[in-house]
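The values are calculated or read from the model by the stated rules, or taken from the named source; none is laboratory data. Just so you know, these numbers come straight off a predicted model, no measurement behind them. Positions of Cβ are backbone-derived with ideal geometry, glycine not excepted, and every protein chain shown enters the neighbour counts. These area figures cover heavy atoms from the full protein model, side chains too; ligands, DNA and RNA do not enter into them. Shrake-Rupley method; radii C 1.70, N 1.55, O 1.52, S 1.80 Å.
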Amino acid sequence: MTSNAELEVKKPLLEQFRETRSRTLELVKTLEKDDFVVQTAVFMSPPKWHIGHVSWIYEAIMSKLDKNYEFYSKEFSEYLNSYYQQFGVPQDKGLRGVISRPTVDQIFEYFNTINQRVEKFIETQSLSDDAVRLITMGFHHECQHQELLVYDLQHLLAEQYRPVRKNKIKSQNRVEKKSVQIKGGLYTMGFNGKEFCYDIELPEHKVYLNDYKIDVFPVTNEEYLEFIEDGGYETYKYWLSDGWEKVKENNWKAPMYWGKIDGKWHTRDFLGIREINPNEPVCHVSFYEADAYCKWAGKRLPTEAEWEKAACWNEDKQEKTVFPWGNDQPSEDKCNILESYHWGCAEMGAYPNGVSSSGCQHMIGDVWEWTSSEFAGYPGFKTGFDEYNDKWFTNQKVLRGGSFGTPRMSIRGSYRNFFRLDERWLFSGFRCAEDI
Ligand code: AVJ
Ligand code: FE
């Protein structure tokens, strides 16, 4: 017998689960079977692996909540375990695409079986607050992989012939280049909403900020081109030493996916091969490139605390909001990410361009924004799931905001994404800050 109180928790949990699972399937519905197996780079994963892995994580979660839980198959667990030593020795990431078994069909069968198991688990187990939190983390994990899957699909498909589609991207009408001033002092950073957040967004804690300036818009392609044309990639003095090494080692001359055709810069994405749109935020740059641009421009990257305060602090009301535009979740129709992927894909400005009360724009839903902050636990950090986030607390930088590929339900102002300093296959850009 399920009580009403339990139903109140279980019903939305089941709804969120189904919504998340069907979004995963939607994302791959136009693929051919051949597409599912290919891994186009060591940092990518084949679509079939994502489909399996997002399912496997629910098994990992259920095994933590129910000591008697039996995994579907040892072979599947070995292939689908990304990096959790606690569940055995994970397979080498670079080899995910050289394995033909489990087959694509078997992976989909697995996906469906796990659907039934999770639903049954939610329906029949008595769920503590911690159990609800862990299961919800499974949904958010799946959201993370939906975005990673989109990166991988772009890498897989943009490399191959595709007809050029009509460029549906809205131009952003960024006429004036300007920045806003933010008052310093003590700022309490971290998540303070009611819904789900990751362990790394907690606890809320005070940081001291000096007064600073931050740009209203992320750096655009047009602005970034000025850096390129001014010899940015050929001038050591703009670069961190490690960054300069990467520039030379990889022969970087522009952001990832850029190439010159008839003397003009083009990019390759879900729209096909198209000329650079000067108004879009620059995308597919590494931390090193973002940092070098800032140095060239006489500016700097914001810290993540500065980014968060500019995005979510309402000075008039003296309160922090969950999103730059307030506390309301972005609505479905304003950011139909699936529609974007399938029809001209990846539209910039997929989320409401809620101007933050500080006056900043496009802080969420265009590109992830590099910050100068090292990825580490906040003071008082407690792990929410061993190995998920906390073992990555070295040699990575925090990105804030969220991209046009981030699912709506997982977007919020306190979200901390993190990548290594030379990674640029994600939807990454940046905005500049300045001291006063
Ligand atoms: C936060 C995007 C770096 O890609 O490993 C996926 C997200 N964590 N599964 C990653 C994640 C566990 C993570 N990033
Ligand atoms: Fe994962």
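Going through segment 371-421 one residue at a time, which ones are among the small types (Gly, Ala, Ser) and in contact (Cβ under 8 Å) with a residue 40 or more places away in the chain?
Of the residues in segment 371-421, the ones among the small types (Gly, Ala, Ser) are 372-373, 376-377, 380, 384, 401-403, 405, 410, 413-414.
Across segment 371-421, the qualifying residues are 372, 373, 377, 380, 384, 401, 402, 403, 405, 410, 413, 414.
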Let me confirm something: among 237, 253, which residue is over 27 Å from residue 358 (Cβ atoms), of a type in the set (Lys, Arg), in a loop (DSSP other than H, G, I, E, B) and touching a Lys or Arg at 6+ places or on another chain (Cβ under 9 Å)?
253
Do you know which of the residues in segment 90-131 that are open to solvent by 30 Å² or more (accessible area, probe 1.4 Å), touching a residue at least 40 places away in the same chain (Cβ under 8 Å) and of a type in the set (Gly, Ala, Ser) is nearest to ligand 2 (Cβ to nearest atom)?
100
Looking at segment 54-63, is at least one residue within 25 Å of residue 154 (Cβ to Cβ), outside any helix (DSSP H, G or I) and within 16 Å of ligand 1 (Cβ to nearest atom)?
no
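So which of 36, 87 is within 15 Å of ligand 2 (Cβ to nearest atom) and either surrounded by 13 or more Cβ atoms within 10 Å (Cβ to Cβ) or closer than 16 Å to residue 141 by Cβ (or both)?
On the way: 36 fails: within 15 Å of ligand 2 (Cβ to nearest atom).
Unique residue meeting the criteria: 87.
Identify all residues within segment 280-331 that are part of a helix (DSSP H, G or I) and touching a helix residue (DSSP H, G or I) at 6+ places or on another chain (Cβ under 7 Å); write none if there are none.
Of the residues in segment 280-331, the ones part of a helix (DSSP H, G or I) are 287-297, 304-312.
Matches in segment 280-331: 288, 291, 292, 293, 295, 296.
For every residue, the table says whether it meets (1) within 12 Å of ligand 1 (Cβ to nearest atom); (2) in contact with a Phe, Trp or Tyr (Cβ under 7 Å, 6 or more places away or on another chain).
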site	(1), (2)
387	yes, yes
391	yes, no
397	yes, yes
410	yes, no
415	yes, no
418	yes, yes
421	no, yes
426	yes, yes
Whether any residue in segment 30-46 is assigned to a helix (DSSP H, G or I) and either more than 29 Å from residue 423 (Cα to Cα) or within 16 Å of ligand 1 (Cβ to nearest atom) (or both) is what I want to check.
no
